[in-house]
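For reference, the structure discussed in these notes is given below.
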Amino acid sequence: MKQLKKIMAVTVFITMSFVAVGCGGNETQSTSLNHTDNQIIAIVNGQPIRQSDYETLYNEYYKYFGETEEADTYLQEQKVLLIDELINTAVLMQKAEKLGITCTDEEATEALENIKSQYDEEAFKEMLEYSNITEKQYLDKIKKQLIILELQEGMIVDEIEVTDQEVEAYYNENQEEYTVGAGADISHILVQVKDESDEQEKAQVAAQVKEIESQLAQGISFEEIFKTYSDEVTDSSLSIAEELGFIEFDSPYIDKDFLAGVKALKEGEVSNAVKSSFGYHFIKVEKMIQEHVIPLADIRSEIINILEEEKQYEMYRQQLEKWVTESEIERYEDRIQ
């Protein structure tokens, strides 16, 4: 739940996700919360925020975090935080209106089309249905988000500068983050097992494994066999040859049986067939790599980007905090059901 708390703490001051830009006018029905009483729970410079706005935001978070009991319990405890987010969004939209910041239908539609291009048509429809929102409502949210993003860009009033001392301090304070565990650069030939119950496939897999074993026994190099399967891969092929690159020995994201096969090898060695949840692997350790800290020179630009974003966020936070303080705000948390 630390991740949820961190994300919500960030969005209190600067709203970057689509879930938070529906304040005022989005009547999406909720899943976890759904009350008929749509009374006012806050007023921002005369603009009401209603129970339905709160429910929409609540349920967006609830769905985003997998509709778990843990998320529900935590969100129930965070009424103040959620109302803060709705108030901040209202303040941002009001400020944008005063500054004449707008978003045309064409700009919003272009952004929507870019998002839709990441899905097939059916998947996009399912996403809308899951969120219980129409495409028009989604387009309205995008329009508000684009307005807020433009406003945020204008909130950076000073040039961002990151010093060498700040970079070195961040690097030294985050050594663990830049420590790479022991591992190896790996290539493998995988004979895939797609259906354990398919007897015909099992026979094909066994024959393929035996053929590769025979080739290795005859002294044919791994590289030569690798090239054959790399060149001949088709959608229907059981075997694929891949350069996997660096893999940590203790990676939690790699099949344990595969990792055990890797650990049993020395640099330059090729394994016998190693069974994993994916099939049978013939693994070659190209290079063993000991645990090490990535040199600062290799990640300097990455750290500079991180520090720039932190400084930008602090500018956003301070400016928004000032606008909120200057606003006339009434809060009625006790009315939330």
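Ile299 to Phe249: FRET efficiency via 1/(1 + (r/R0)^6), r the Cβ-Cβ distance, R0 25 Å, to the nearest 0.05?
Once rounded, the FRET efficiency stands at 0.70.
Expressed as a whole number of Å, what is the distance separating the alpha-carbon centroids of segment 136-184 and segment 266-337?
What the calculation gives is 11 Å, centre to centre.
Which Cα, out of Ile304, Ser197, Ser221, lies furthest along the positive dipole direction of the chain (beta carbon charges, K/R +1, D/E -1)?
It is Ser197.
Give me the percent of the accessible area of the chain that comes from carbon and sulfur atoms, probe 1.4 Å, all protein chains in place.
48 percent
Could you point to the label whose value was computed as Rg/Rh (Cα atoms, Kirkwood Rh) for the structure here, given (i) 1.17; (ii) 1.10; (iii) 1.02?
Given (i) 1.17; (ii) 1.10; (iii) 1.02, the structure-derived one carries the label (ii).
Pick out which of Ala297, Ala169, Ala96 has the largest mean-square fluctuation in a Gaussian network model of the chain, springs linking Cα atoms closer than 10 Å.
Of Ala297, Ala169, Ala96, the Gaussian network model singles out Ala297 as fluctuating most.
Okay, helix-only estimate at 222 nm for the chain: each DSSP H run of n ≥ 4 adds -39500 (n - 2.57), divide by all residues, round to 500 deg cm²/dmol; what do you get? Could you put the intermediate results ahead of the total?
Working: 12 runs with 176 residues, N = 337.
When only DSSP H runs of four or more count, the value is -17000 deg cm²/dmol.
Which residues among segment 158-185 fall inside the zone where the amide N is under 16 Å from a point 7 Å beyond the Cα of Gln318, along Cα→Cβ?
158-163
Would you kindly find the accessible area of Glu269, with a 1.4 Å probe and non-protein molecules such as ligands, DNA and RNA excluded, rounding to the nearest 10 Å²?
Accessible area of Glu269: about 70 Å².
Calculate, in nm to one decimal, what Ile160 and Val180 gain on full extension: separation in residues at 0.36 nm each, minus their alpha carbon distance. Display every interim value, and only then the final one.
Details: separation 20, 0.36 × 20 = 7.20 nm, distance 3.03 nm.
Result for the pair: 4.2 nm of gain on full extension.
Quick one: order Lys98, Lys63 from most to least accessible surface, probe 1.4 Å.
Lys98, Lys63
Can you tell me the length gained on complete extension of the stretch Gln215 to Asn38, counting 0.36 nm per residue apart and subtracting the Cα distance?
That pair, Gln215 and Asn38, stretches by 56.4 nm at full extension.
PRE reach from Ala207 (point 7 Å along Cα→Cβ): which of segment 254-288 fall under 14 Å by backbone N?
In segment 254-288, the label zone of Ala207 (backbone N under 14 Å from the point 7 Å along Cα→Cβ) covers no residue.
Between Ser327 and Glu122, what is the FRET efficiency for a Förster distance of 41 Å, r being their Cβ-Cβ separation, to the nearest 0.05? Intermediate results must be reported in sequence, preceding the final value.
Values: r = 43 Å, r/R0 = 1.06.
Taking R0 as 41 Å, the efficiency between Ser327 and Glu122 is 0.40.
Take each complete run of DSSP H in the chain, measure how far its Cα atoms stretch along the helix's own axis, and keep only those covering 24 Å or more with mean Kyte-Doolittle hydropathy at least -1.0; list them.
Details: long enough: 79-98 (29 Å, 0.41); 135-154 (29 Å, -0.66); 199-217 (27 Å, -0.67); 296-326 (45 Å, -0.85).
Membrane-span-like by this rule: 79-98, 135-154, 199-217, 296-326.
Between Asp72, Asp140, Asp195, which gets the highest mean-square fluctuation from a Gaussian network model of the chain, Cα cutoff 10 Å?
Asp195
Any idea of the accessible area per residue across segment 52-110, 1.4 Å probe, to the nearest Å²?
Dividing the accessible area of segment 52-110 by its residue count gives 47 Å².
Would you mind calculating the gained length between Thr134 and Lys227 on full extension (0.36 nm times residue separation, minus the Cα-Cα distance), in nm to one decimal?
Contour length minus Cα-Cα distance gives 28.5 nm.
The values are calculated or read from the model by the stated rules, or taken from the named source; none is laboratory data. Since we're looking at a predicted model, the values are computed, not measured. Glycine also receives a Cβ, built like all others from the backbone with ideal geometry; neighbour counts cover every protein chain displayed. Surface areas here come from the heavy atoms of the whole protein model, side chains and all, with no ligands, DNA or RNA. Shrake-Rupley method; radii C 1.70, N 1.55, O 1.52, S 1.80 Å.
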